[in-house]
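Notes follow the structure.
The values are calculated or read from the model by the stated rules, or taken from the named source; none is laboratory data. Here the structure is a predicted model, which is why all the values come from computation and not from measurement. A quick note on method: Cβ atoms are made from the backbone with ideal geometry, for glycine too, and the neighbour counts reach across all protein chains shown.
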């Protein structure tokens, strides 16, 4: 990966974070987008950098968490993280279904485009 990492443990690089910040989305939507992008990159890492197919199964998610040195002694956080992965996984599967691709083929650009479209529809609907 040629991109410079923003934080040593983060799967998102500074370029990704800047791209999200530059979307013009609300603070809440940008935060949600960062979380989804972070989870997507973690899922891709869990799948050994494969960009094809379905999201990793729960057992693969757990194995990946247990292999992370920063999570080594934090079972409570691992449980919360697995719950977050489950929620994010369902959301990513919905986005992938909208554009008719496997979830692991999603990109940050896909997530941004779908989020902007959804926020625009919601804004128009509330006027």
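Of the residues making up the stretch 46-81, those that are part of a helix (DSSP H, G or I), surrounded by 14 or more Cβ atoms within 10 Å (Cβ to Cβ) and modelled with pLDDT of 90 or more are 46, 60, 61, 62, 64, 65, 78, 81.
For the stretch 27-70, a tally of residues being in contact (Cβ under 8 Å) with a residue 24 or more places away in the chain, over 21 Å from residue 13 (Cα atoms) and over 12 Å from the mean Cα position of the chain (by Cα) returns 5.
Restricting attention to the stretch 92-107, the residues being crowded, with 17+ Cβ neighbours inside 10 Å and part of a helix (DSSP H, G or I) number 5.
Cβ-Cβ contacts under 6 Å between residues 6 or more apart (or on different chains), taken from a first residue in the stretch 1-25 that is under 16 Å from residue 39 (Cβ atoms) to a second residue that is modelled with pLDDT under 90 and assigned to a helix (DSSP H, G or I), are listed as 9/70.
Applying the set (1) at pLDDT below 90; (2) assigned to a helix (DSSP H, G or I) to residue 86 leaves exactly one unmet item: (1).
Exactly one residue out of 115, 120 is within 26 Å of residue 21 (Cα to Cα), modelled with pLDDT under 95 and surrounded by 15 or more Cβ atoms within 10 Å (Cβ to Cβ): that is 115. Write out, first by first residue and then by second, each pair whose Cβ atoms fall under 7 Å of each other, whose residues are 6+ apart or on separate chains, and whose first residue, in the stretch 102-118, is free of Cβ contacts under 8 Å to residues at least 40 places away in the same chain while the second is buried (at least 18 other Cβ atoms within 10 Å of the Cβ). Qualifying pairs under 7 Å: 110/95; 114/95.
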